[in-house]
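Trainee: Encoded as structure tokens, here's the structure I'll be asking about.
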Amino acid sequence: MPTTSSPSAAPSRDTAPRNAREPRLRALRRQPARSRPAGAPTDDSGAPRRNTTALVAALLGFTVITVDVSAVNIALPAIRHSLSGGMAGLQWVVDAYTLMFAALMLSAGAFADRAGARRAYAWGVALFTLASLGCALAPGIGVLIGARVVQGAAAAVVMPASLALIRHAYEDARERARAIALWTVGGSVAMAAGPVLGGLLTDGAGWRSVFLLNLPVGAVILGLLVRVERSPRRPAALDGAGQLTAVLALAALVFAAIEGGHLGWTSGPVLAAAALAVVSGYAFHRVEARHDHPMVPLGMLRDRRVAPALAVGFALNAAFYGGIFVLGLYYQQLRGMSGIEAGLMFVPMSALVTATNLVSPRLAERIGRRAVIVTGQVLFGAAMVTMLPLAAHTPLWLVVVLLVPLSVGGALAVPALTALLMDAVPGRRAGIASGLLNASRQTGGALSVALFGSVLAGPDGGFSLPGMRLGLLAVAAFLLVTAGLARFLLPRG
């Protein structure tokens, strides 16, 4: 498939005739390096090394913010024992992070453009590292949740800035595509391997080590960024009112979902939160409709190729995040496993997720992206159903077998879904579309954890098998509905 260069790459450097460039290049090479005009062609043998440094820095940041989504799930029972947090507290430990991650993702890309990718990335990594230290030193569940809010906000900056860093480092379209592929696979591996790492750290050095690990990684990233070329700063409109109303709407919705299962769905705080979510959602719609440069162009949401893709992304992450949350508690609270044992139970799933991520693009070339997306969703829905028989004494080998469709389903669908959405929008809207997809996916994860936690808590505060089965059935039904939407509304390609 032919590859085109990026619109932002300098167009004149490769279009000038070779014989017209050579005398000027030879003259420039004879000049001292300091006297060369800014932006002039150079014979810089260090460029590939700087590109690799930028890629490693971006990959490390994307990895560490992704690990913090899934690794913390395995540490939840230890956190509950140490800080005396109930099920609602554990839900907020997970959702405080994903909530801010989802809500701020919508405008973080514009911020990265305004500040410059390298500067925004450095600020995001530094804030994430400091927030990780706050998590590790938290004396109580409230402080931990607050630090997780800051972590999520920083992660929302790190993710788009890391991708922009790669985009700036690699001007050649083919090299850039390979770098982005590595970045994508790295995130998938991190998400799958997070529970394993969380179990090893929690049992080996305590739950606080899950957060302390981010400190040396953050220091390494900041050290690498010193050797990365400064990124250009571009004008980009920020939609403060839209961002504020989006945060309020999502936070109120998650609060209602989490506390509804503990305070009662008709309690005053839950009804007030639900009302705030509706009012804030309406205000967000009005702000975006009137803003000259909205962070969410409403016309894009009416596109039959975009809206179903966002719904599919929401459902896939709801299933994956909900499944990880349920399994982490199932292994430790119901079966009495240690953190390491629970983490090791995710090793086969991690391997399958990584392998399937690599197979998905090739399969999409053969049978089409839509077919791969629908197949992945159906498999994922089947995974939720096959988990229904899980009980306290289910043989472990059977548990591993039952998790095969869970491992394959999402990993099959996500790469094809991302590629299909990027092709469905104009190039100038690619950043907005990517932000929308990631925000939709993170929102699905946050709401799934909120709802699963509401039904998982038994009368004595323990793990409720009937509640688990109810949650699994709800997610399975939602996956099948969005699979139908994908089958009839997404383009065939």
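Trainee: Over the stretch 171-210, with a single point scatterer placed on each C-alpha, what log10 of the ratio I(q)/I(0) does the Debye formula yield at q = 0.14, 0.17, 0.18 1/Å?
Mentor: Summing over Cα pairs of the stretch 171-210 leads to -0.47, -0.56, -0.58.
Trainee: To one decimal place, what orientation-averaged projected area in nm² is obtained for the convex hull of the Cα set of the stretch 327-432?
Mentor: For the Cα atoms of the stretch 327-432, the hull's average projected area reads 8.0 nm².
Trainee: Peptides 471-482, 178-189, 121-132: what's the order by average Cβ count within 10 Å, highest mean first?
Mentor: For the peptides 471-482, 178-189, 121-132, the packing ranking is 121-132, 471-482, 178-189.
Trainee: Let me ask another. Please give the direction-averaged projected area of the C-alpha convex hull for the stretch 215-282, in square nanometres with one decimal.
Mentor: Convex hull of Cα atoms, orientation-averaged projection: 8.0 nm².
Trainee: To continue, here is another question. Put a dot 7 Å past each Cα toward the Cβ at VAL185 and MET422; how far apart are the dots in nm?
Mentor: Reported label-point gap for MET422 and VAL185 is 1.5 nm.
Trainee: Still on this structure, I have one more. Could you sort the peptides 438-447, 387-396 by per-residue average Cβ neighbour count (10 Å cutoff), highest mean leading?
Mentor: Highest to lowest by the protection proxy: 438-447, 387-396.
Trainee: If you average the sequence gap of Cα pairs under 8 Å that are 6 or more apart and divide by the length of the chain, what percent do you get for the contact order?
Mentor: 21
Trainee: How compact is the stretch 268-382 by the rule of thumb for globular proteins, expressed as Cα Rg over 2.2 N^0.38 Å?
Mentor: Normalised by 2.2 N^0.38 Å, the Cα Rg of the stretch 268-382 equals 1.50.
Trainee: Here's another thing I want to ask about it. Given the chain, report the % of alpha carbon pairs whose separation exceeds 43 Å.
Mentor: 15
Trainee: Give the calculated FRET efficiency between HIS81 and LEU215 to the nearest 0.05, with a Förster radius of 30 Å applied to their Cβ-Cβ distance.
Mentor: Step by step, r from the Cβ atoms, then E = 0.80.
Trainee: Also, quick follow-up: How do VAL449, VAL347 stack up against each other in accessible area, from largest to smallest, with a 1.4 angstrom probe?
Mentor: Descending order: VAL347, VAL449.
Trainee: Can you tell me the FRET efficiency between ILE367 and ARG178 if r is taken as the Cβ-Cβ distance and R0 is 30 Å, rounded to the nearest 0.05?
Mentor: 0.80
Trainee: Let's test the formula: R0 of 22 Å, r as the Cβ-Cβ distance of LEU244 and ARG286. What FRET efficiency results, to the nearest 0.05?
Mentor: FRET efficiency, LEU244 to ARG286: 0.95.
Trainee: Now for a separate question. Taking a cut-off of 17 Å, what percent of all Cα-Cα pairs in the stretch 144-191 are separated by more than that?
Mentor: Value for the stretch 144-191: 46 percent of Cα pairs lie more than 17 Å apart.
Trainee: Need the full-extension length gain, VAL359 to THR394, defined as separation in residues times 0.36 nm minus the C-alpha distance. One decimal, nm.
Mentor: 9.5 nm
Trainee: Right, another one. Before anything else, pin down the relative contact order of the stretch 205-356: Cα pairs under 8 Å, at least 6 apart, normalised by residue count, whole percent.
Mentor: Computed value for the stretch 205-356: 16 percent relative contact order.
Trainee: Here's a follow-up. Can you give the Rg/Rh ratio of the stretch 371-430, where Rg is from the C-alpha atoms and Rh is the Kirkwood radius?
Mentor: Taking Rg over the Kirkwood Rh, I get 1.22.
The values are calculated or read from the model by the stated rules, or taken from the named source; none is laboratory data. In this text the structure is predicted, and so the values were computed from the model without any measurement. Methodologically, a virtual Cβ is constructed for each residue, glycine included, from the backbone with ideal geometry; neighbour enumeration extends over all protein chains shown. The area values use the complete protein model at the heavy-atom level, side chains included, leaving out ligands, DNA and RNA. Shrake-Rupley method; radii C 1.70, N 1.55, O 1.52, S 1.80 Å.
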